[in-house]
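This report concerns only the one structure given below.
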Amino acid sequence: MALIVQKYGGTSVGSIERIQSVSERIISTQQQGHNVVVAVSAMAGETNRLMNLANQISEVPEPRELDMLLSAGEQVSIALLAMSLTQKGIKAISLTADQAGIQTNAVFNDATIEYIETDLITKWLNKGYVVIVAGFQGRDRIGNITTLGRGGSDTTAVALAAALNADECQIFTDVDGVYSSDPRFVSNTRRLKEVSFSDMHVLAKSGAKVLQEHSVTHAWNSSVTLRVLSSFDDGEGTLICENPKEVLAVTGLALKQDLFLVECEGISAKEQRELYKQYKVLDERCDCFQIVVPKATFLQLKLAFNTKIRNISSLSILTLVGDNVEGMAESACNQLMANSIDIYQYDIEPKSVSVIVNQADLQRAAEILHKTFVITEQSQDNNLMIAVS
Ligand code: ADP
Ligand code: ASP
Ligand code: MG
């Protein structure tokens, strides 16, 4: 008998019909003789709906109260899933993160799990129950509700798998694995059978939201066997592991959208140093400089700096990821410029090359980079040969 931790994302539990289908999948795992712990996200669109309510009161809501509000979405889905399983004759219990003993630091909206007191989960497992834990939430040392950042249910699942010493952590989502780029945005992407923790970490950090970045680091540090699967179909998905069998020159292309180019003027040298530490700097004059920040950060900075900062344009970052990408920077930039795409900046780091372009050029730039460097005609031929041989 194995212990399996499964996580179901928002689309996977987006309706009562979907919740019924997820409970069938859980039952079939249990019928194979396994113990099952489940982490669940809020129903699709629910966290955004709650965020919109908060934003009608304030563009930058008070962080503690925001966590109180946003964590409510997961409480609905865990209860519905437990009801669905019980209705089908399966013993199931839902637990909030507080009840499940998930302790975090006190960083509201972006908390880190410090440890999980697993006694209660283990007690219910020993009684033969499926234990359903609210994803995304935690509690700090003095009992406040915290949340783990958007997409944080992935991290809940991995942390549960690590704390319970589970045999596998299965992340069920709306695509059947990790692809060479976002399959909803780029054409001719390919599912990867295996991806190394290190590549997956860079992909997630660079915007591939199929896994939250922290979930990958946590799995890597704790040697959790991590697999991404579809909750809509059966299939082997993608295994995230230390040493994948197939090593590609370029593993994938990650995309980060909705960034603002922000111009700052009249800010103190100390504040400027702080901003430089946290964000990409595009123009470094000391009186007036430009940084790239996510939209939500811009609203927070606006609150602090008021007229000293302004949003000049919307940008996106494309990142090629893999062991051999570092030498491709010049050629990537040339390809984009040959197609009249302006490049604001490019960066070379171990395992990654990233370029900053106008948001309006993102789609075209993504297609060009993916076709030229990731799934090239040559790599497709190689694949065909592997498939045939
Ligand atoms: P969930 O609600 O299940 O957590 P998410 O929306 O957070 O699902 O993540 C799944 C989505 O991630 C996919 O629908 C896809 O659009 C996006 N995505 C981005 N990059 C990739 C990638 N490289 N491989 C697969 N999916 C990706
Ligand atoms: N419900 C949260 C979000 O939408 C957490 C998650 O889905 O993982 O970000
Ligand atoms: Mg997600």
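The values are calculated or read from the model by the stated rules, or taken from the named source; none is laboratory data. The model shown is predicted, which means the values in this text are computed figures rather than measured ones. Heads up, the Cβs are rebuilt from the backbone with ideal geometry, glycines too, and the neighbour counts pull from every protein chain shown.
Checking the stated criteria, Ser41 turns out not to satisfy the condition of being away from ligand 2 (no atom under 14 Å from the Cβ) and either under 17 Å from Leu70 (Cα atoms) or of a type in the set (Gly, Ala, Ser) (or both). Within segment 236-270, the set of residues being among the polar types (S, T, N, Q), assigned to a strand (DSSP E or B) and more than 22 Å from Leu226 (Cβ to Cβ) comprises Gln257 only. Taken over segment 1-59, the criterion of being among the small types (Gly, Ala, Ser), in contact (Cβ under 8 Å) with a residue 60 or more places away in the chain, over 17 Å from Lys209 (Cβ atoms) and within 16 Å of ligand 1 (Cβ to nearest atom) is satisfied by Ser21 alone.
Rundown of residues vs (1) within 12 Å of ligand 1 (Cβ to nearest atom); (2) at pLDDT below 95; (3) under 22 Å from Arg25 (Cβ atoms), yes/no style:
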{"site": "Val158", "(1), (2), (3)": "no, no, yes"}
{"site": "Leu164", "(1), (2), (3)": "no, no, yes"}
{"site": "Asp182", "(1), (2), (3)": "yes, no, no"}
{"site": "Arg190", "(1), (2), (3)": "yes, no, no"}
{"site": "Ser198", "(1), (2), (3)": "no, no, no"}
{"site": "Leu203", "(1), (2), (3)": "yes, no, no"}
{"site": "Val210", "(1), (2), (3)": "yes, no, yes"}
{"site": "Leu226", "(1), (2), (3)": "no, no, yes"}
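Scanning segment 316-349 for residues that are outside any helix (DSSP H, G or I), more than 27 Å from the chain's Cα centre (by Cα) and surrounded by fewer than 17 Cβ atoms within 10 Å (Cβ to Cβ) yields Asn339, Ser340, Asp342.
From the list Arg18, Arg25, Arg64, which residue is basic (Lys, Arg) and closer than 30 Å to Arg141 by Cα?
Arg64
So Asn165 clears everything in (1) part of a loop (DSSP other than H, G, I, E, B); (2) over 18 Å from Thr238 (Cα atoms); (3) within 16 Å of ligand 3 (Cβ to nearest atom) except one condition, right? Which one? With (1) part of a loop (DSSP other than H, G, I, E, B); (2) over 18 Å from Thr238 (Cα atoms); (3) within 16 Å of ligand 3 (Cβ to nearest atom) applied to Asn165, the lone miss is (3). Would you pick out the residues in segment 201-217 that are crowded, with 22+ Cβ neighbours inside 10 Å, assigned to a helix (DSSP H, G or I) and either of a type in the set (A, V, I, L, M) or within 14 Å of ligand 2 (Cβ to nearest atom) (or both)? Result: Val202, Leu203, Ala204, His214, Ser215, Val216.
Okay, residues lined up against (1) more than 12 Å from ligand 2 (Cβ to nearest atom); (2) under 23 Å from Ala82 (Cα atoms); (3) in contact with a Cys (Cβ under 8 Å, 6 or more places away or on another chain):
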{"residue": "Asn126", "(1), (2), (3)": "yes, yes, no"}
{"residue": "Val131", "(1), (2), (3)": "yes, yes, no"}
{"residue": "Gly135", "(1), (2), (3)": "no, yes, no"}
{"residue": "Gly152", "(1), (2), (3)": "no, yes, no"}
{"residue": "Ala163", "(1), (2), (3)": "yes, yes, no"}
{"residue": "Asp176", "(1), (2), (3)": "yes, no, no"}
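Given the structure, is Val178 within 13 Å of ligand 3 (Cβ to nearest atom), under 30 Å from Lys371 (Cβ atoms) and modelled with pLDDT of 95 or more? Here the answer is yes, as Val178 does meet what is asked.
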